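The values are calculated or read from the model by the stated rules, or taken from the named source; none is laboratory data. Treat the numbers as computed from the prediction; the structure is a model and nothing was measured. With ideal geometry, Cβ positions are generated from the backbone for all residues, glycine too; neighbour counts draw on all protein chains shown. The protein model used for the area step is the full one, side chains on, heavy atoms only, and it has no ligands, DNA or RNA in it. Shrake-Rupley method; radii C 1.70, N 1.55, O 1.52, S 1.80 Å.
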Amino acid sequence: MEVKTAEEAVQWIHSLLPFGIKPGLKRMEWMLEALGHPEQRLTAVHVAGTNGKGSTVSFLRHILTAGGFSVGTFTSPYIEQFSERISVNGVPISDRDLLQAAQRLKPVVEEVAQSDLGSPTEFEVLTAMMFYHFAEVAKPDICLIEVGLGGRLDSTNVVTPVLSIITMIGHDHMHILGHTLAEIAYEKAGIIKPGIPVISGVEGEEAYTVISETARQIGSPLHQLNETFLVESLQGRTFTYKEEKDEEAVRYHAGLYGAHQHKNAALALKAVSLLSNSLKRQIGKEAKAIGIANTSWPGRFEIIQVNPPIVLDGAHNEEGFLALTAALQERFSDKSIHVLLASTKEKDMNVLLKPFATSGLEVAFSFTSFDFHRAANAEDLFKQAPVKRKQVAADWRKALKTMMENLGEQDVLVVTGSLYFISEVRQSLASHKEGM
């Protein structure tokens, strides 16, 4: 059946979801060969990591656009609308272009599905559409391509970039990527290409050893955070950045909140330095400062209401909750914090909420669920949680409405636990405002 509208195109892409996660690159290689290898015609930066991929891409995109470049981005999951996953200069792919890409891909997908390789997954098809759109239609100066899962066998790992970035490595998707940091690092290190520079924000000896050894073995120049370039967090959103060649550090004010975002910003600044050859011109100090200051990324300690504060944060793993706890301690240590939390099934609340249990913050948790095929049961989250003040909220919409209505001057509301949940909450709040 032919797809005739953008809505039908999205429905067709979503229909491939039951094929799940199928590691391996053969289906991607098959489709891209049928498309004439669009991935080979892109100037690309490939970004992997457990946390910080989206924020690093956003910092880098804002700097590059401030410097006058057109920038394609491929990110996931989406927060506001499906089409934002494929964007140019922050503008999501249009319905017309999405439909065109789907119509070009559909016969290719149907052909490979009839082969021994089987049907491509939703993410593989979306990746192929991205390569086609950027190479054939949008033609941005540079593309920032975020890994979907892992790195080594991720569908994006068919591209040969001019630069690779590994943000950080932590405990996530361990049922797929491995149960130790070394095993997870091995999967992330799979994006490192021979002779192509790699920037690393990896911390901890176990993961760093894997990244540095991989880079050494295949001859990839390694630029490690706090070795070849330095970042120092100051108060609030301010930090300093310095490279080996610099006489003194430069002070920046970040658009995103939290000390962990200063590290992501530093990765982006280092990337800009290394990209000057590929882009054939330097990016000035002003563009860097403007880009860093203007960076925003939905669902990353996003304060959607100031008084009383409401924060959306897609913390969904151990490192994410550590960063969220630290940001709350720095910003709202004198407040009473109310958390509405929904998560996916594979998460362990005993591990994720440990930072809260020892933080000294005054926190009350409401555990809920949402309409998602991998969403955890609210009762299960409640039973796991190693916190004293907790309750079950059967309907997250009713719970959110009640919590917002009862917020006082000394209260903070935090919605967290899964980026998919944050996406639903954000869309619900936006439609509520429009209807007022």
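With contacts defined as alpha carbon pairs under 8 Å and 6 or more residues apart, what's the relative contact order of the range 103-204 in percent? Rounded, it is 24 percent for the range 103-204.
Largest GNM mean-square fluctuation among GLU124, GLU379, GLU39, using the chain with Cα springs under 10 Å: GLU379.
Divide the volume of the convex hull around the Cα atoms of the range 306-420 by the residue count and you get 90 Å³ per residue. Percent of Cα pairs in the range 250-325 per distance bin of 5 Å, from zero to the largest separation: 3, 13, 21, 21, 16, 12, 8, 4, 1, 0.
Ligands, DNA and RNA are left out, and with a 1.4 angstrom probe the accessible area of the chain is 44 Å² per residue. For the chain, the fraction of 1.4 Å probe accessible surface lying on carbon and sulfur atoms is 49 percent. Could you work out how far the C-alpha centroid of the range 227-262 sits from that of the range 329-374, in angstrom? Going from one Cα centre to the other spans 29 Å. Kirkwood analysis of the Cα pair distances in the range 371-417 returns a hydrodynamic radius of 12.4 Å. Could you compute how much accessible surface THR180 exposes when probed at 1.4 Å, giving the result in Å² to the nearest 10? Result for THR180: roughly 60 Å² accessible. Placing unit charges on each Cβ (+1 for Lys and Arg, -1 for Asp and Glu) gives the range 98-196 a dipole about its Cα centre, and among GLN100, LEU117, LEU144 the Cα reaching farthest toward its positive end belongs to LEU144.
Largest first and in whole Å, the equivalent-ellipsoid semi-axes of the chain read 33, 28, 21, each the square root of five times a Cα gyration tensor eigenvalue. When its C-alpha radius of gyration is set against 2.2 N^0.38 Å (N residues), the range 210-348 gives a value of 1.23.
Of all beta bridges that DSSP places with both ends in the chain, some 30 percent have antiparallel geometry.
For the options ASN89, ASN307, ASN317, a Gaussian network treatment of the chain with springs between C-alpha atoms closer than 10 Å singles out ASN307 as fluctuating the most. With 20 Å as the limit on Cα-Cα distance, the pairs of LYS263/LYS354; LYS22/LYS188; LYS245/LYS288; LYS53/LYS270; LYS242/LYS288 that go past it are LYS263/LYS354. Screening the chain for whole DSSP H helices of 18 Å or more along their axis (Cα) with average Kyte-Doolittle hydropathy at least 0.0 returns 53-66, 259-279, 318-332.
Per-residue accessible area (protein heavy atoms, 1.4 Å probe) orders HIS223, HIS262, HIS373 as HIS373, HIS223, HIS262, starting from the largest. Normalised by 2.2 N^0.38 Å, where N is the number of residues, the C-alpha radius of gyration of the range 1-108 stands at 1.17.
In the elastic network of the chain, a GNM with C-alpha springs shorter than 10 Å, the most mobile of SER418, SER200, SER273 is SER273. Treating each Cα of the range 73-169 as an identical point scatterer and summing with the Debye formula, the log10 of I(q)/I(0) at q = 0.17, 0.20, 0.24 Å⁻¹ comes to -0.81, -1.10, -1.44.
The aspartates and glutamates whose alpha-carbon is closer than 15 Å to the alpha-carbon of LYS280, local same-chain residues fewer than 8 away aside, are ASP141.
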